[in-house]
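The values are calculated or read from the model by the stated rules, or taken from the named source; none is laboratory data. These figures come from a predicted structure and were not determined experimentally. Reconstructed Cβ throughout: ideal geometry from the backbone, glycine too, with neighbour counts over all protein chains shown. Protein only, heavy atoms only, side chains kept; ligands, DNA and RNA dropped before computing areas. Shrake-Rupley method; radii C 1.70, N 1.55, O 1.52, S 1.80 Å.
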Amino acid sequence: MTPDSIKLEDSWKARLGDYLLRPEMQSLASFLRTEKQAGKRIHPPGGEIFAAFEHTPFDAVRVVILGQDPYHGPGQAHGLCFSVRPGVRIPPSLDNIFKEIQRDLGLPRPDHGCLTAWADRGVLLLNSVLTVEEGRAGSHANRGWEGFTDAAIEALNRERKSLVFLLWGAYAQRKGQLIDGTRHCVLRSVHPSPLSAHRGFLGCAHFSQANRYLHDHGETAMDWSLPQQAG
């Protein structure tokens, strides 16, 4: 794995390119090649592994949502945390996110789960682990991705100011240790999963709080609406 061999948006490559040369990233690349050669299905497809960075360049980031690892069902993951391809059934956690946006901001719930529009507006939808084997949640944890995504968060924390970080669940909150709360807005809640959403996610008002913080720091509020699918 080298900076020239992967599709990583230029502003991110300038900050993370050297990290790709580290031994743990070379080991990760070898692991992924071996898994594919063994016939295992890896999600998302290779060209979409770094989609979060492609859609949201470094200087365009205004909000960061941290996920754990990609959806592991066929045709779901496309490189943005919590997001699924158009036409794919909305997963339960994302449905709860939409419920909270509707409750918090009065926006209609979309009829799809593709969050590309958010990413293009400045929401970095970053999973901690960027690949997964089909049908095996967490199968690529502790293979090297965590350090790479830590480096991305550390770069944002260091070089940017007044970003909003939405940390939902214990896993995302552990990554929050990398963020200086005096430079950025850090909002924490339980995970939007059906197992925990009713213990504090539904009613957290993170979306209105994020917009208020952005406004108070001279930024345009985030448009959390999503276009309905045609037809």
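List of remarks:
- Whether the stretch 135-206 is rounded, prolate or oblate, judged on the alpha carbon gyration tensor where a/c under 1.5 counts as rounded: oblate
- Each Lys and Arg contributes +1 and each Asp and Glu -1, all at the Cβ; summed about the Cα centre of the chain, the dipole is approximately 460 debye.
- Residues of the stretch 156-201: accessible area per residue with a 1.4 Å probe, Å²: 50 Å²
- Across the options Gly138, Leu156, Gly17, the greatest Cα extent toward the positive end of the charge dipole of the chain (unit charges at beta carbon of Lys, Arg, Asp, Glu) belongs to Gly138.
- Magnitude of the charge dipole for the stretch 18-89, about its Cα centre and with charges confined to Cβ atoms of Lys, Arg (+1) and Asp, Glu (-1), is about 340 debye.
- Within a straight-line Cα-Cα reach of under 24 Å, Lys175 can be paired with the following lysines, leaving aside sequence neighbours fewer than 8 residues apart in one chain: Lys13, Lys161.
- Helices in the chain, meaning DSSP H runs of at least 4 residues, each add -39500 (n - 2.57). Divided by all residues, the mean residue ellipticity at 222 nm is -10000 deg cm²/dmol.
- Sum of side-chain charges, Cys204 neighbourhood, beta-carbon under 12 Å (Lys, Arg +1; Asp, Glu -1): +2
- Cys185 - accessible surface, heavy atoms, 1.4 Å probe, Å² rounded to 10: 20 Å²
- 3J(HN,Hα) along the stretch 65-81: 10, 9, x, 9, 9, x, 4, 10, x, x, x, 8, 6, 9, x, 10, 5 Hz, from the Karplus curve 6.51 cos²θ - 1.76 cosθ + 1.60 with θ = phi - 60°, whole Hz, x for Gly and Pro.
- Between Asp18 and Leu178, the distance separating the two model label sites (each 7 Å from Cα on the Cα→Cβ line) works out to 1.6 nm.
- For the stretch 55-169, the square roots a ≥ b ≥ c of the C-alpha gyration tensor eigenvalues yield an a/c of 1.5 or more together with a/b not exceeding b/c, which makes the shape oblate.
- Accessible surface of Lys161 - all protein chains present, 1.4 Å probe, nearest 10 Å²: 130 Å²
- What the phi angles of the stretch 211-219 give under the Karplus curve with 6.51, -1.76 and 1.60, with θ = phi - 60°, is a coupling list of 5, 5, 5, 4, 4, 5, 10, x, 10 Hz, glycine and proline written as x.
- Using a cutoff of 8 angstrom between alpha carbon atoms and counting only pairs six or more residues apart, the relative contact order for the chain works out to 22 percent.
- Accessible-area value, Ile42, 1.4 Å probe, nucleic acids and ligands omitted, Å²: 20 Å²
- Ligands, DNA and RNA are left out, and with a 1.4 angstrom probe the accessible area of the stretch 40-150 is 36 Å² per residue.
- The alpha carbon centroids of the stretch 172-231 and the stretch 102-133 are separated by 11 Å.
- Of Ser189, Val129, Asn211, farthest towards positive along the dipole that unit charges on Lys, Arg, Asp, Glu beta carbons give the chain: Ser189
- Label point distance in nm, His217-Ala170, each placed 7 Å from Cα along Cα→Cβ: 2.8 nm
- Atom-type composition of the exposed protein surface of the stretch 39-153 places 47 percent of the accessible area on carbon and sulfur (1.4 angstrom probe).
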